[in-house]
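Taking it in order: structure first as C-alpha coordinates, then the write-up.
The values are calculated or read from the model by the stated rules, or taken from the named source; none is laboratory data. These figures come from a predicted structure and were not determined experimentally. Cβ sites come from the backbone with ideal geometry, for glycine too, and all protein chains shown count toward neighbours.
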Amino acid sequence: MEPASTYPRFTLGSALTTEQQAFFQQHGFLHFRSFASPEQVRAYLQATEDVQRAWLATGLDKVNGVPIKYGHDVDGSPIVQRFAFASQHSPVLHNLLQDSRFRALFPLLEAHGGRVGADEKDGLVVNHYVNVEGSAFSQMGWHTDSLRDVFYGKRIGPMLNVGLHLDHTPASSGGLRVLPGTHRQSLGQMLFRKKYFKDVYDDPNELAIETEPGDLTVHDGRMWHRVAQSPLVGAASRRRVMYVPILAGKYQPKDARSATPFYLRFLHLVK
(Lines give C-alpha, C1' and ligand atoms only; values in the text may rest on other atoms or scores of the structure.)
Protein backbone atom coordinates (compact mmCIF):
# COMPACT_ATOMS: atom_id res chain seq x y z
CA MET A 1 0.00 0.00 0.00
CA GLU A 2 1.30 3.45 -0.87
CA PRO A 3 2.16 5.40 2.29
CA ALA A 4 -0.63 7.76 3.33
CA SER A 5 1.81 10.66 3.57
CA THR A 6 2.72 10.72 -0.13
CA TYR A 7 -0.36 12.35 -1.61
CA PRO A 8 -0.90 16.14 -1.44
CA ARG A 9 -3.33 17.88 0.92
CA PHE A 10 -4.94 21.05 -0.36
CA THR A 11 -6.93 24.05 0.87
CA LEU A 12 -10.40 24.63 -0.56
CA GLY A 13 -11.10 28.19 -1.61
CA SER A 14 -13.76 29.80 -3.76
CA ALA A 15 -12.48 27.98 -6.86
CA LEU A 16 -10.34 24.93 -7.53
CA THR A 17 -6.80 25.41 -8.76
CA THR A 18 -5.49 23.82 -11.95
CA GLU A 19 -3.37 21.49 -9.81
CA GLN A 20 -6.37 20.36 -7.78
CA GLN A 21 -8.47 19.65 -10.86
CA ALA A 22 -5.64 17.73 -12.52
CA PHE A 23 -5.05 15.62 -9.41
CA PHE A 24 -8.74 14.72 -9.19
CA GLN A 25 -8.97 13.82 -12.86
CA GLN A 26 -6.04 11.42 -12.50
CA HIS A 27 -6.68 9.92 -9.04
CA GLY A 28 -10.41 10.46 -8.40
CA PHE A 29 -10.14 12.09 -4.97
CA LEU A 30 -9.04 15.25 -3.16
CA HIS A 31 -8.19 15.95 0.47
CA PHE A 32 -8.60 19.46 1.91
CA ARG A 33 -7.20 20.45 5.28
CA SER A 34 -9.13 22.54 7.84
CA PHE A 35 -12.37 23.04 5.94
CA ALA A 36 -14.09 23.46 9.34
CA SER A 37 -12.62 25.17 12.40
CA PRO A 38 -12.32 23.38 15.76
CA GLU A 39 -15.31 25.41 16.99
CA GLN A 40 -17.38 24.35 14.01
CA VAL A 41 -16.43 20.70 14.49
CA ARG A 42 -17.63 20.87 18.09
CA ALA A 43 -20.88 22.46 16.92
CA TYR A 44 -21.45 19.73 14.33
CA LEU A 45 -20.79 16.99 16.88
CA GLN A 46 -23.24 18.61 19.27
CA ALA A 47 -25.81 18.89 16.48
CA THR A 48 -25.56 15.17 15.68
CA GLU A 49 -25.98 14.36 19.37
CA ASP A 50 -29.09 16.55 19.48
CA VAL A 51 -30.57 14.74 16.46
CA GLN A 52 -29.64 11.39 17.99
CA ARG A 53 -31.37 12.29 21.26
CA ALA A 54 -34.57 13.19 19.40
CA TRP A 55 -34.55 10.03 17.27
CA LEU A 56 -33.88 7.76 20.24
CA ALA A 57 -36.73 9.38 22.13
CA THR A 58 -39.23 8.81 19.32
CA GLY A 59 -37.93 5.46 18.05
CA LEU A 60 -37.70 6.78 14.50
CA ASP A 61 -36.73 3.95 12.15
CA LYS A 62 -36.55 5.63 8.72
CA VAL A 63 -36.09 9.07 7.23
CA ASN A 64 -37.50 9.56 3.73
CA GLY A 65 -37.48 5.80 3.26
CA VAL A 66 -33.86 5.37 4.36
CA PRO A 67 -33.35 3.14 7.44
CA ILE A 68 -31.59 4.54 10.49
CA LYS A 69 -28.85 2.27 11.80
CA TYR A 70 -28.76 1.96 15.59
CA GLY A 71 -26.07 0.37 17.72
CA HIS A 72 -24.35 0.69 21.08
CA ASP A 73 -21.59 2.92 22.41
CA VAL A 74 -18.62 1.97 24.58
CA ASP A 75 -20.76 2.17 27.73
CA GLY A 76 -23.54 0.05 26.23
CA SER A 77 -25.89 3.00 25.70
CA PRO A 78 -27.87 3.11 22.44
CA ILE A 79 -26.63 5.41 19.70
CA VAL A 80 -27.38 6.18 16.08
CA GLN A 81 -24.56 4.84 13.94
CA ARG A 82 -25.86 5.88 10.54
CA PHE A 83 -28.02 8.97 10.12
CA ALA A 84 -29.68 9.94 6.84
CA PHE A 85 -30.93 13.39 5.79
CA ALA A 86 -29.48 14.76 9.04
CA SER A 87 -29.47 18.36 7.78
CA GLN A 88 -33.29 18.26 7.62
CA HIS A 89 -33.36 17.74 11.38
CA SER A 90 -30.81 20.34 12.51
CA PRO A 91 -30.45 24.04 11.64
CA VAL A 92 -26.71 23.79 12.37
CA LEU A 93 -26.24 21.00 9.84
CA HIS A 94 -28.57 22.73 7.38
CA ASN A 95 -26.38 25.82 7.53
CA LEU A 96 -23.27 23.72 6.92
CA LEU A 97 -24.59 22.72 3.51
CA GLN A 98 -25.02 26.38 2.55
CA ASP A 99 -21.23 26.92 2.64
CA SER A 100 -20.32 28.58 -0.66
CA ARG A 101 -17.08 26.58 -0.94
CA PHE A 102 -19.07 23.51 -1.97
CA ARG A 103 -19.81 25.29 -5.25
CA ALA A 104 -16.10 25.21 -6.04
CA LEU A 105 -16.39 21.43 -6.40
CA PHE A 106 -19.14 21.49 -9.04
CA PRO A 107 -16.72 21.59 -12.03
CA LEU A 108 -15.38 18.17 -10.97
CA LEU A 109 -18.68 16.66 -12.15
CA GLU A 110 -17.75 17.54 -15.73
CA ALA A 111 -21.44 18.22 -16.33
CA HIS A 112 -23.71 21.22 -16.67
CA GLY A 113 -24.69 22.66 -13.31
CA GLY A 114 -24.24 21.04 -9.94
CA ARG A 115 -25.93 21.04 -6.57
CA VAL A 116 -25.56 19.80 -3.01
CA GLY A 117 -27.95 16.85 -2.63
CA ALA A 118 -29.46 17.73 0.75
CA ASP A 119 -32.74 15.99 -0.14
CA GLU A 120 -31.51 13.45 -2.71
CA LYS A 121 -29.86 10.01 -2.41
CA ASP A 122 -29.51 9.70 1.41
CA GLY A 123 -28.95 13.42 1.99
CA LEU A 124 -26.42 14.37 4.63
CA VAL A 125 -25.30 11.04 6.10
CA VAL A 126 -23.53 10.86 9.45
CA ASN A 127 -21.56 7.67 10.07
CA HIS A 128 -20.48 6.88 13.63
CA TYR A 129 -18.02 3.99 13.71
CA VAL A 130 -16.94 2.43 16.98
CA ASN A 131 -15.33 -0.95 17.57
CA VAL A 132 -17.00 -2.40 20.67
CA GLU A 133 -19.24 -5.33 21.47
CA GLY A 134 -22.76 -4.39 20.42
CA SER A 135 -21.63 -1.95 17.77
CA ALA A 136 -23.56 -2.28 14.52
CA PHE A 137 -21.07 -0.25 12.54
CA SER A 138 -17.31 -0.69 12.90
CA GLN A 139 -16.29 -0.91 9.23
CA MET A 140 -17.66 -0.85 5.70
CA GLY A 141 -16.51 -3.19 2.95
CA TRP A 142 -15.39 -2.27 -0.54
CA HIS A 143 -18.02 -0.52 -2.66
CA THR A 144 -18.69 2.28 -5.11
CA ASP A 145 -21.39 4.90 -4.61
CA SER A 146 -22.59 4.64 -8.21
CA LEU A 147 -23.98 1.12 -7.80
CA ARG A 148 -27.36 2.50 -6.78
CA ASP A 149 -27.85 3.90 -10.29
CA VAL A 150 -27.20 0.46 -11.76
CA PHE A 151 -29.73 -1.12 -9.37
CA TYR A 152 -32.45 1.05 -10.86
CA GLY A 153 -31.44 0.51 -14.46
CA LYS A 154 -30.27 4.08 -14.82
CA ARG A 155 -27.30 5.45 -16.60
CA ILE A 156 -24.58 6.20 -14.06
CA GLY A 157 -24.87 9.88 -13.25
CA PRO A 158 -22.09 12.24 -12.22
CA MET A 159 -21.66 12.23 -8.45
CA LEU A 160 -19.16 13.33 -5.84
CA ASN A 161 -19.21 12.04 -2.28
CA VAL A 162 -17.97 14.79 0.02
CA GLY A 163 -16.92 13.87 3.55
CA LEU A 164 -16.37 16.18 6.51
CA HIS A 165 -14.27 14.33 9.09
CA LEU A 166 -14.84 15.02 12.77
CA ASP A 167 -12.13 12.90 14.44
CA HIS A 168 -8.39 12.38 14.25
CA THR A 169 -7.95 9.18 12.22
CA PRO A 170 -4.41 8.05 11.41
CA ALA A 171 -3.98 5.11 9.07
CA SER A 172 -3.11 2.91 12.04
CA SER A 173 -6.63 3.46 13.43
CA GLY A 174 -8.51 2.28 10.35
CA GLY A 175 -10.59 4.74 8.36
CA LEU A 176 -11.06 5.59 4.70
CA ARG A 177 -9.23 3.58 2.04
CA VAL A 178 -9.47 4.31 -1.69
CA LEU A 179 -8.25 2.70 -4.90
CA PRO A 180 -6.90 5.70 -6.83
CA GLY A 181 -7.82 5.87 -10.49
CA THR A 182 -10.71 3.40 -10.32
CA HIS A 183 -13.16 6.17 -11.20
CA ARG A 184 -11.97 5.61 -14.79
CA GLN A 185 -12.63 1.85 -14.79
CA SER A 186 -15.02 -0.04 -17.06
CA LEU A 187 -18.57 -0.85 -16.02
CA GLY A 188 -17.60 -4.49 -15.60
CA GLN A 189 -14.80 -3.57 -13.20
CA MET A 190 -17.14 -1.32 -11.26
CA LEU A 191 -19.62 -4.17 -10.88
CA PHE A 192 -17.36 -7.16 -10.32
CA ARG A 193 -13.89 -6.04 -9.22
CA LYS A 194 -14.85 -6.90 -5.63
CA LYS A 195 -17.81 -8.33 -3.74
CA TYR A 196 -19.78 -5.30 -2.62
CA PHE A 197 -19.56 -4.76 1.16
CA LYS A 198 -18.55 -8.40 1.78
CA ASP A 199 -14.90 -7.84 0.84
CA VAL A 200 -13.32 -6.00 3.77
CA TYR A 201 -9.71 -6.99 3.22
CA ASP A 202 -6.60 -4.93 2.45
CA ASP A 203 -5.84 -4.31 -1.21
CA PRO A 204 -2.17 -3.92 -2.26
CA ASN A 205 -3.13 -0.84 -4.29
CA GLU A 206 -5.24 0.90 -1.65
CA LEU A 207 -4.35 4.29 -0.23
CA ALA A 208 -5.10 5.22 3.37
CA ILE A 209 -6.62 8.67 3.86
CA GLU A 210 -5.48 10.10 7.19
CA THR A 211 -7.72 12.88 8.49
CA GLU A 212 -7.81 15.51 11.20
CA PRO A 213 -11.02 17.00 12.63
CA GLY A 214 -12.36 19.51 10.12
CA ASP A 215 -10.76 17.95 7.03
CA LEU A 216 -12.83 17.55 3.87
CA THR A 217 -12.42 14.69 1.39
CA VAL A 218 -13.98 14.36 -2.04
CA HIS A 219 -14.14 11.22 -4.13
CA ASP A 220 -15.77 10.30 -7.41
CA GLY A 221 -18.86 8.11 -6.97
CA ARG A 222 -17.41 5.49 -9.32
CA MET A 223 -14.30 4.94 -7.20
CA TRP A 224 -13.80 1.81 -5.12
CA HIS A 225 -13.39 2.62 -1.44
CA ARG A 226 -13.97 1.14 2.01
CA VAL A 227 -13.76 2.02 5.70
CA ALA A 228 -11.21 -0.15 7.47
CA GLN A 229 -12.04 -1.40 10.95
CA SER A 230 -9.94 0.11 13.70
CA PRO A 231 -7.61 -2.38 15.41
CA LEU A 232 -8.32 -0.41 18.57
CA VAL A 233 -11.26 -1.18 20.81
CA GLY A 234 -13.44 1.24 22.74
CA ALA A 235 -13.40 5.03 22.65
CA ALA A 236 -10.03 5.07 20.84
CA SER A 237 -11.70 3.44 17.82
CA ARG A 238 -14.35 6.16 17.43
CA ARG A 239 -14.64 7.76 14.00
CA ARG A 240 -17.38 10.17 12.95
CA VAL A 241 -17.75 11.55 9.46
CA MET A 242 -20.52 13.35 7.57
CA TYR A 243 -21.08 12.70 3.86
CA VAL A 244 -23.18 14.65 1.40
CA PRO A 245 -23.56 13.98 -2.35
CA ILE A 246 -22.86 16.61 -4.95
CA LEU A 247 -24.89 15.88 -8.07
CA ALA A 248 -25.82 17.01 -11.56
CA GLY A 249 -28.59 15.95 -13.89
CA LYS A 250 -32.23 15.34 -13.08
CA TYR A 251 -33.35 16.55 -9.67
CA GLN A 252 -34.73 13.57 -7.69
CA PRO A 253 -35.72 14.58 -4.15
CA LYS A 254 -37.01 12.19 -1.51
CA ASP A 255 -39.66 12.79 1.11
CA ALA A 256 -41.60 10.92 3.81
CA ARG A 257 -43.54 9.00 1.15
CA SER A 258 -40.40 7.62 -0.53
CA ALA A 259 -39.95 3.85 -0.60
CA THR A 260 -36.89 2.18 0.87
CA PRO A 261 -34.31 1.71 -1.91
CA PHE A 262 -33.63 -1.95 -2.67
CA TYR A 263 -29.91 -1.78 -1.88
CA LEU A 264 -30.58 -0.31 1.58
CA ARG A 265 -32.62 -3.31 2.61
CA PHE A 266 -29.28 -5.01 3.23
CA LEU A 267 -27.87 -2.22 5.40
CA HIS A 268 -28.12 -4.42 8.49
CA LEU A 269 -25.46 -6.70 6.98
CA VAL A 270 -22.87 -3.90 7.07
CA LYS A 271 -21.05 -4.18 10.39
Worksheet item: Got a sec? Which of 243, 251 is aromatic (Phe, Trp, Tyr) and modelled with pLDDT of 95 or more?
Response: 243
Worksheet entry | Given (1) touching a residue at least 24 places away in the same chain (Cβ under 8 Å); (2) closer than 18 Å to residue 244 by Cβ; (3) surrounded by fewer than 21 Cβ atoms within 10 Å (Cβ to Cβ), number of the condition residue 84 does not satisfy | (3)
Worksheet, complete the sentence: The correct count of residues that are among the charged types (D, E, K, R) and either within 15 Å of the chain's Cα centre (by Cα) or surrounded by 15 or more Cβ atoms within 10 Å (Cβ to Cβ) (or both) in the range 178-211 is 5
Item to complete: Go through the residues of the range 118-129 one by one and say whether even a single one is more than 16 Å from the chain's Cα centre (by Cα) and closer than 23 Å to residue 38 by Cβ.
Response: no
Practice prompt. Can you tell me which residue within the range 89-108, out of those that are out of contact with any Ser or Thr (no Cβ under 8 Å at 6 or more places or on another chain) and surrounded by 18 or more Cβ atoms within 10 Å (Cβ to Cβ), is farthest from residue 17 (Cα to Cα)?
Written response: 89
Worksheet item: Just to be sure, is residue 175 touching an Asp or Glu at 6+ places or on another chain (Cβ under 9 Å), surrounded by 16 or more Cβ atoms within 10 Å (Cβ to Cβ) and not aliphatic (A, V, I, L, M)?
Response: yes
Practice prompt. Mind checking which strands (runs of 3 or more DSSP E) fall wholly inside the range 188-261 and carry at least 3 residues that are touching a Lys or Arg at 6+ places or on another chain (Cβ under 8 Å)?
Written response: 225-228, 239-247
Fill in: Candidate set: the range 262-271, residues that are out of contact with any strand residue (DSSP E or B) (no Cβ under 7 Å at 6 or more places or on another chain) and assigned to a helix (DSSP H, G or I); chosen: the one modelled with the highest pLDDT
262
Worksheet item: If you take the residues in the range 16-39 that are in contact with a Gly (Cβ under 9 Å, 6 or more places away or on another chain) and surrounded by fewer than 19 Cβ atoms within 10 Å (Cβ to Cβ), which one is nearest to residue 217 (Cα to Cα)?
Response: 33
Worksheet item: Counting residues that are among the hydrophobic types (A, V, I, L, M, F, W, C), which strands (runs of 3 or more DSSP E) fully inside the range 67-166 reach at least 1?
Response: 78-83, 125-129, 140-143, 159-165
Discussion item. Where the second residue is basic (Lys, Arg) and modelled with pLDDT of 95 or more and the first is closer than 18 Å to residue 209 by Cα and lies in the range 3-21, which pairs have Cβ atoms under 7 Å and are six or more apart or on separate chains?
Written reply: 9/33; 11/33; 12/101
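Looking only at residues that are aliphatic (A, V, I, L, M) and crowded, with 23+ Cβ neighbours inside 10 Å in the range 229-246, which one is nearest to residue 160 (Cα to Cα)?
244
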